[in-house]
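The values are calculated or read from the model by the stated rules, or taken from the named source; none is laboratory data. Predicted model only: the values in this text are computed from it and were never measured. Note that we place each Cβ from the backbone using ideal geometry, even for glycine, and neighbour counts take in every protein chain shown.
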Amino acid sequence: DAGVIQSPRHEVTEMGQEVTLRCKPISGHNSLFWYRQTMMRGLELLIYFNNNVPIDDSGMPEDRFSAKMPNASFSTLKIQPSEPRDSAVYFCASSFGRAEEKLFFGSGTQLSVL
Amino acid sequence: GEDVEQSLFLSVREGDSSVINCTYTDSSSTYLYWYKQEPGAGLQLLTYIFSNMDMKQDQRLTVLLNKKDKHLSLRIADTQTGDSAIYFCAGEIYNQGGKLIFGQGTELSVKP
């Protein structure tokens, strides 16, 4: 398996624009997580899905953020409208049950909002 | 909720042992994990320990768990320059679908 695949790798956009981040989890994994990493706040869990259903979105900063998982092999995180304070590295991770399969991270999307 | 704390920086000489410490608050965590993050990359699972164990060894890595004090440590023997990275500990929240809470990360710098 190629691992967790995220796209794009880098995104530079202007304030007010819509941003869509994409993730393909490892095949067979039943949980998917979106994390945000910044220098100030470290690694924050935004939302996670289990069997494609959102379980806990309490980490989503505000209504500008939304996430979907239409099927077991794809998830999106959307920011609309984007703001400079959203600049961060966004990681997607997937897992399946057992400890040795938690968590596998993608390489992240570096988002810069100007 | 679970809170996980780590010291931010550690600097060692190549060949020495490194010990990275972590404290956590939720005693119901079933597993505790150590992850490594190299520059520009995602986190990579290094090792984990089940909460009813007090030690686990995996090649150069030794994990010690003091459940009474809620203290977890990662010892890296014979530290190499390639071990320079940020190390995160994480606790798993019981019965929440694999949700992990991460510490702030400890940046390990290995000097030749």
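Identify all residues within region B:20-65 that are away from chain A (no Cβ under 14 Å) and exposed (fewer than 13 other Cβ atoms within 10 Å of the Cβ); write none if there are none. Across region B:20-65, the qualifying residues are B:Ser27, B:Ser28, B:Asp54, B:Met55, B:Gln57, B:Gln59.
The number of residues in region A:40-57 being within 10 Å of another protein chain (Cβ to nearest Cβ) and closer than 26 Å to B:Ile86 by Cα comes to 6. Screening A:Lys102 against (1) more than 14 Å from chain B (Cβ to nearest Cβ); (2) surrounded by 18 or more Cβ atoms within 10 Å (Cβ to Cβ); (3) in contact with a Ser or Thr (Cβ under 6 Å, 6 or more places away or on another chain); (4) free of Cβ contacts under 8 Å to residues at least 24 places away in the same chain leaves a single unmet condition, (1).
Considering B:Leu32, B:Leu72, the condition of being of a type in the set (A, V, I, L, M), under 17 Å from A:Ser95 (Cβ atoms) and touching a Cys at 6+ places or on another chain (Cβ under 8 Å) is satisfied by B:Leu32 alone. Considering (1) away from every other protein chain (no Cβ under 11 Å); (2) in a strand (DSSP E or B); (3) at pLDDT below 90, the lone condition that B:Tyr94 does not fulfil carries the number (2).
Pairs are defined by a Cβ separation below 9 Å, a sequence spacing of at least 6 or placement on different chains, a first member in region A:63-81 that is at positive phi, and a second member that is exposed (fewer than 15 other Cβ atoms within 10 Å of the Cβ) and at pLDDT below 95; no pair meets this definition.
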